[in-house]
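Take a look at the structure set out below.
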Amino acid sequence: MAEFLDMGGYAAFVWTAYGLTALALVVLAVSSLRAGKKARDRVEQLRPRRRKGQA
Amino acid sequence: MHRFANPAEFNRLADAILPWAKVVMAAAFLYGLYLALYASPADYQQGESVRIMYIHVPAAWMAMFTYMVVAVASFTALVWRHPLALLAGKAAAPIGLVFTGLALLTGMLWGKPMWGTYWVWDGRLTSVLVLFFLYLGYMALWRALDEEDKAGRAASILALVGVVNIPIIKFSVDWWNTLHQPASVMRMDGPSMPVEMLWPLLTLAVAYKAYFVVVLLYRMKLEINLRKLSVLSSLEVQG
């Protein structure tokens with residue numbers, strides 16, 4: 001296990017590269033999903049209000 | 001409500017594709033990471049640092065692929081005034097920006113131990129940095145103009161002009177002297193890489209492509225709802 005983590009002495013480079021990649025991809029996906037949910041909720045909120053206003 | 005008819009169709013299609021894309025993404029990431037970090041051999045010259053290649057090269061491929069998606073979407077939007085195409089470009093750009101940033105960062109982290117430096121101002125690294133700024137410029141133009149149609153048109157024109165950078169990136173390693181190695185997978189005479197290194201690379205490339213599909217669909221749905229919101233709120237103001 002220690003040998004695996006050491007990456008033949010390149011641990012700092014290999015794990016930083018994989019860590020940054022994982023972080024960036026997760027942040028982009030989660031923020032896209034959250035923004036999408038927020039926008040969808042606001043559309044749902046606005047719609048019935050408008051219909052009531054028209055009626 | 002007819003103006004939402006097309007997006008409604010799109011939303012149905014997106015919801016049909018998403019679960020499959022997520023399964024492919026999860027499976028390819030798990031298997032790809034297992035191959036890349038554990039099952040594949042160390043390089044006889046580069047040792048374990050070669051494992052950075054398995055996330056660096058797919059990120060660079062996706063950086064260019066996503067740019068072509070933005071460019072084709074922009075062209076479609078400009079020529080046929082296709083509103084969904086315009087939103088597709090807008091939705092894809094942040095994904096391309098992230099992939100380009102990752103290609104640069106993982107490249108630097110690979111360059112330091114192998115070349116002895118994080119950065120050289122050669123054709124390949126510089127043209128990929130230009131790609132990064134093209135994405136930033138495209139996204140900034142979208143925000144710079146209040147009128148969404150005008151903003152979209154300006155951003156689309158920039159995206160099309162920037163296409164000239166893509167062949168420069170591709171051929172930069174052949175045209176100019178560089179520390180960067182030439183292509184070893186996308187070659188006319190076939191890949192020059194041992195198969196036990198090609199597999200993790202291609203598996204993670206599939207994972208990245210599936211990730212792109214998932215996040216693109218999320219973001220297109222987001223953009224459609226934002227468009228709806230601006231229409232609804234303008235109706236409220238008028239009403």
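Odds and ends about this structure:
- Residue with peak Gaussian network fluctuation, chain A [Cα springs, cutoff 10 Å], from A:A22, A:A35, A:A12: A:A12
- In the assembled protein chains, B:W199 presents an accessible area of approximately 150 Å² (probe radius 1.4 Å).
- Sorting B:R143, B:R12 on solvent-accessible area from highest to lowest, probe radius 1.4 Å, gives B:R143, B:R12.
- Normalising the Debye intensity of region A:2-44 to I(0), with uniform scatterers on Cα atoms only, and taking log10 at q = 0.14, 0.18, 0.34 Å⁻¹ returns -0.50, -0.61, -1.01.
- Computed over chain B with a Gaussian network model linking Cα atoms closer than 10 Å, the most mobile of B:Y218, B:Y67, B:Y208 is B:Y218.
- Over chain B, relative contact order from alpha-carbon pairs under 8 Å, at least 6 apart, %: 31
- Residue of B:A26, B:A210, B:A77 that the Gaussian network model of chain B assigns the largest fluctuation, springs spanning Cα pairs under 10 Å: B:A26
- Computed over chain B, Cα set: Rg, Dmax in Å: 20.0, 71
- Solvent-accessible area per residue, Å², over region A:2-44 with all protein chains present [probe radius 1.4 Å]: 59
- Exposure ranking of B:E223, B:E148, B:E196 by accessible area [1.4 Å probe, largest first]: B:E196, B:E148, B:E223
- Accessible solvent surface per residue of region B:119-239, calculated while the other protein chains remain in place, 1.4 angstrom probe, Å²: 53
- Tail fraction, Cα-Cα pairs, region B:73-127, threshold 16 Å, whole percent: 57
- Rounded to the nearest 10 Å², the accessible area of B:L226 at probe 1.4 Å: 70
- Electrostatic bookkeeping for B:K221 treats Lys and Arg as +1 and Asp and Glu as -1; over the other residues with beta carbon under 9 Å from its beta carbon, the sum is 0.
- Formal net charge of residues neighbouring B:Q181 (Cβ-Cβ distance under 15 Å; K, R +1; D, E -1): 0
- A cut-off under 11 angstrom between Cβ atoms defines the neighbours of B:L141, and their net charge, with Lys, Arg +1 and Asp, Glu -1, is +4.
- Surface calculation, 1.4 Å probe, protein heavy atoms: B:R187 sits at approximately 90 Å² accessible.
- For the segment B:133-141, counting C-beta atoms of other chains within 10 Å of every residue's C-beta and taking the mean gives 0.
- In summary, the aspartates and glutamates within cross-link reach of A:K38, defined as a Cα separation below 19 angstrom excluding same-chain residues under 8 places away, comprise B:D15, B:E223.
- Accessible surface, 1.4 Å probe, highest first, among residues B:D174, B:D122, B:D15: B:D174, B:D15, B:D122
- Between helix A:11-54 and chain A: long-axis angle, C-alpha atoms, 0 to 90°, nearest 10: 0
- Here region B:1-137 is treated as an ellipsoid with the same Cα gyration tensor; its semi-axes, largest first and in whole Å, are 35, 22, 8.
- Listing of region A:24-38 residues, each with accessible area lower by at least 50 Å² in the full protein assembly than in the chain alone (probe 1.4 Å): A:L25, A:L28, A:S32
- Taking 29 Å as the limit for the C-alpha separation, the pairs B:K22/B:K150; B:K22/B:K90; B:K90/B:K170; B:K112/B:K221 exceed it in the case of B:K22/B:K150; B:K112/B:K221.
- Area buried, chain A against chain B - accessible surface, total, 1.4 angstrom probe, square angstrom: 3000
The values are calculated or read from the model by the stated rules, or taken from the named source; none is laboratory data. This structure is a prediction, so every number in the text was calculated from the model and none was measured. Here the Cβ is made from the backbone with ideal geometry for all residues, glycine too, and neighbour counts use every protein chain on show. Please note that ligands, DNA and RNA were not included when accessible areas were found on the heavy atoms of the full protein model with its side chains. Shrake-Rupley method; radii C 1.70, N 1.55, O 1.52, S 1.80 Å.
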